[in-house]
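Below is one structure, written out as structure tokens; comments come after it.
The values are calculated or read from the model by the stated rules, or taken from the named source; none is laboratory data. This one's a predicted model, so the numbers in the text were calculated from it and none came from an experiment. Cβ sites come from the backbone with ideal geometry, for glycine too, and all protein chains shown count toward neighbours.
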């Protein structure tokens with residue numbers, strides 16, 4: 001994390017609840033010429049269940065394919081995360097690296113290879129060096145326990161700060177905990193991004209139930225953020241449940257305990273997702289786009305993402321310009337049902353356009369004040385239905401160009 | 001055109017064939033505080049037929065609605081183009097301005113209002129001032145004839161150079177001419193953009209036939225360019241046929257004369273479309289993305305546009321970085337059928353990835369040389385079918401941010 005820390009970063013890494021049945025380790029595999037930990041190993045107690053959501057890219061990394069194959073079995077004993085090399089688009093050599101990591105880790109733990117989950121992020125097109133991965137894994141096994149912050153740093157690439165979040169819920173009369181870390185700052189778009197998120201809970205939850213809960217939470221959180229509309233080949237969010245809390249095991253949806261757990265899970269996912277936006281490459285402003293009055297929730301989400309991904313909207317916000325005309329443009333290009341003459345738009349708390357017209361003589365002072373801040377709200381009322389969605393993005397600045405026009409060199 | 005001329009601009013405005021039955025005029029309506037012509041009036045001979053394609057935005061300007069209503073009648077006597085004010089998102093006041101212009105122009109010419117075609121581009125959300133439009137129209141009527149270059153300049157907004165193209169075709173034994181002008185440099189994406197294009201021919205062609213020809217040409221040209229993925233509320237391409245050339249009238253598709261005309265029309269549209277890309281806001285490199293081996297032509301186009309609209313690909317090209325990993329990412333996120341292990345990518349004439357793997361030891365020198373130039377070719381072979389498409393875009397630079405973070409102020 002050599003880049004300057006994002007101005008939208010929180011002051012410090014939060015205190016995350018420990019999760020019984022989880023041991024975090026980090027080591028230096030030296031995937032790049034750097035002096036930092038870049039391999040993270042999370043050892044999980046026997047009986048841990050797992051759920052996951054992966055990229056919708058048609059060109060996924062071998063790690064993604066490995067996790068997809070392993071997820072239906074629902075059991076996990078370890079997670080291995082490599083930083084600096086995405087191992088994507090590396091053909092059979094990339095696949096061989098993943099199999100070697102799974103073999104090595106499962107031999108250490110005496111479990112099946114498919115109980116090892118693997119994620120890698122970084123440069124595309126260069127096979128992950130197996131010798132470095134194996135040496136890094138061995139070093140991690142014998143290392144002392146790492147902190148949440150150590151692990152959050154070790155999974156990062158172009159991130160400028162480590163990201164973590166935590167919450168708890170009561171199931172029956174047992175308090176369970178969820179803690180998670182995430183990495184990602186560019187190539188971020190819904191349906192996942194160059195984003196890796198790992199959540200851990202001590203709750204006892206069946207794998208199928210866990211999968212349903214995670215899918216629901218991701219749809220409203222990780223899949224509602226975008227930095228640059230670009231979707232990675234490697235995106236992965238995994239949720240591990242060690243079952244050590246001693247709660248009455250959750251086996252299906254519904255019930256007070258399940259509802260409480262889902263609420264806590266969504267809170268952690270939302271906080272992690274928003275932290276990714278706050279570390280958006282070059283970001284200077286955090287933008288919330290709230291759409292209501294659309295034909296459906298799905299339509300509202302597509303409209304919100306069209307606005308969030310519009311370079312003209314994102315540069316206007318960077319320029320602190322209340323250019324609602326560009327918002328209209330982005331609503332129009334979404335291709336969703338909309339009626340120009342019913343559309344209303346606000347910046348912050350100030351309505352600037354109503355029913356298809358600029359609000360005559362609206363007070364520009366609070367709008368200007370809102371736009372000079374670093375937390376921007378754009379509200380859109382499509383005016384034709386009851387569909388709602390909220391997405392989060394950041395502005396598009398010179399910093400994004402600087403970072404991405406000069407990444408490999 | 002106060003901005004610095006794009007480095008991708010041609011040296012000079014080309015010589016365009018005169019079109020019998022067309023008289024061009026320009027005037028200063030002073031839609032903004034500037035000292036330039038911003039109203040263009042094209043008077044067309046009685047009997048002129050017209051075809052048009054407009055934005056797919058769900059929030060179109062009243063001008064777009066006016067043209068859509070008038071097009072089915074197929075007749076035109078004049079075109080009025082306003083620059084500096086898009087008159088979009090202005091409710092009934094915007095509609096009233098359009099009706100006033102049509103009334104004034106049709107009164108001058110003694111024709112029906114629906115024979116007047118109107119387009120406006122510029123700032124959104126401020127109703128076009130009717131008094132200025134009417135005074136500008138009156139001034140244009142009494143003005144001397146303007147040149148193609150005068151008109152090409154008068155329709156421009158953030159354009160850094162005037163854009164025109166010309167071609168001819170033989171129908172029977174009659175040579176017919178097509179000349180056109182276009183404006184646009186940002187908010188450019190397929191299915192039209194803040195782009196206004198006006199083509200004129202002296203050929204005699206029935207309106208329905210003309211519409212079919214234009215639709216076909218636009219699909220392969222104007223709808224295959226993108227600067228920033230943003231689509232305007234005002235995009236319009238109109239084609240007027242004065243019928244003064246004396247050719248045997250074209251009434252339907254097919255036949256040598258129609259084929260020749262379509263080829264010439266496509267050539268003019270392609271040149272105009274590429275000129276828009278060459279004036280892309282902040283553009284320093286012109287990029288052609290040619291996709292083959294896709295499941296269908298439509299799938300190839302969606303893949304090509306996904307690459308062309310990827311901020312990470314566009315910044316890599318700006319940085320002269322042969323980052324084919326980002327191309328893979330953009331192919332993957334298109335959501336189209338693709339097989340990672342059959343994908344091949346070239347920069348210029350050099351294959352850098354084949355069948356899902358980097359070409360070992362490929363010669364980096366010609367790739368580096370190609371990327372330092374200002375005409376970049378990216379070739380993608382999806383490897384699964386026979387679908388083909390080519391699209392054109394430009395790189396994403398600090399210039400784009402500077403222009404768009406500081407547009408209204």
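What tally of residues in segment A:312-344 results from selecting those that are over 22 Å from residue B:64 (Cβ atoms) and within 24 Å of the chain's Cα centre (by Cα)? Counting residues in segment A:312-344 that are over 22 Å from residue B:64 (Cβ atoms) and within 24 Å of the chain's Cα centre (by Cα) gives 4.
Of all residues in segment A:72-95, those satisfying the criterion of being farther than 21 Å from residue A:36 by Cβ and either modelled with pLDDT of 95 or more or assigned to a loop (DSSP other than H, G, I, E, B) (or both) are A:72, A:73, A:74, A:75, A:76, A:77, A:78, A:88, A:89, A:90. Only one entry in B:128, B:137 is within 16 Å of residue B:83 (Cβ to Cβ), in contact with a helix residue (DSSP H, G or I) (Cβ under 9 Å, 6 or more places away or on another chain) and within 14 Å of chain A (Cβ to nearest Cβ), namely B:128.
Only one entry in B:53, B:81, B:64, B:98 is over 22 Å from the mean Cα position of the chain (by Cα) and surrounded by 17 or more Cβ atoms within 10 Å (Cβ to Cβ), namely B:98.
For segment A:368-399, the set of residues classified as assigned to a strand (DSSP E or B) and in contact with a helix residue (DSSP H, G or I) (Cβ under 6 Å, 6 or more places away or on another chain) consists of A:376, A:387, A:388, A:389, A:391, A:392, A:393, A:394, listed by residue number. For the residues A:254, A:246, the requirement of being assigned to a loop (DSSP other than H, G, I, E, B), more than 14 Å from every other protein chain (Cβ to nearest Cβ), surrounded by fewer than 23 Cβ atoms within 10 Å (Cβ to Cβ) and touching a residue at least 12 places away in the same chain (Cβ under 8 Å) singles out A:246.
Taken over segment B:190-233, the residue count meeting the criterion of being modelled with pLDDT under 95 and part of a loop (DSSP other than H, G, I, E, B) is 15.
Name the single residue, out of those in segment A:338-348 being over 11 Å from residue A:378 (Cβ atoms) and touching a residue at least 24 places away in the same chain (Cβ under 8 Å), that is nearest to the other protein chains (Cβ to nearest Cβ).
Within segment A:338-348, the match that is nearest to the other protein chains (Cβ to nearest Cβ) is A:338.
The listed residues are B:406, B:374, and the only one of them that is surrounded by fewer than 20 Cβ atoms within 10 Å (Cβ to Cβ), within 27 Å of the chain's Cα centre (by Cα) and modelled with pLDDT of 90 or more turns out to be B:374.
State yes or no: is residue A:13 touching a strand residue (DSSP E or B) at 6+ places or on another chain (Cβ under 7 Å), assigned to a strand (DSSP E or B) and touching a residue at least 40 places away in the same chain (Cβ under 8 Å)? Here the answer is no, as residue A:13 does not meet what is asked.
Scanning segment B:115-126 for residues that are closer than 24 Å to residue B:71 by Cβ and in contact with a strand residue (DSSP E or B) (Cβ under 8 Å, 6 or more places away or on another chain) returns B:115, B:116, B:117, B:118, B:119, B:120, B:121, B:122. Of the residues making up segment B:300-337, those that are within 11 Å of chain A (Cβ to nearest Cβ) and assigned to a helix (DSSP H, G or I) number 21.
When the test is whether a residue is closer than 30 Å to residue B:213 by Cα, touching a residue at least 12 places away in the same chain (Cβ under 8 Å) and not assigned by TED's automatic domain parsing to the domain that holds residue B:161, residue B:333 does not pass it. For residue A:384, work out the one condition from (1) more than 23 Å from residue B:59 (Cβ to Cβ); (2) surrounded by 15 or more Cβ atoms within 10 Å (Cβ to Cβ); (3) within 14 Å of chain B (Cβ to nearest Cβ); (4) modelled with pLDDT of 90 or more it doesn't fulfil. Of everything listed in (1) more than 23 Å from residue B:59 (Cβ to Cβ); (2) surrounded by 15 or more Cβ atoms within 10 Å (Cβ to Cβ); (3) within 14 Å of chain B (Cβ to nearest Cβ); (4) modelled with pLDDT of 90 or more, residue A:384 misses just condition (1). Of the residues making up segment A:349-366, those that are within 12 Å of another protein chain (Cβ to nearest Cβ) and under 31 Å from the mean Cα position of the chain (by Cα) number 0. Being closer than 24 Å to residue B:208 by Cα, in the same structural domain as residue B:183 (by TED's automatic domain parsing) and touching a helix residue (DSSP H, G or I) at 6+ places or on another chain (Cβ under 7 Å) is true for just one of B:40, B:55. Which residue is that? Only one candidate passes the filter, namely B:55.
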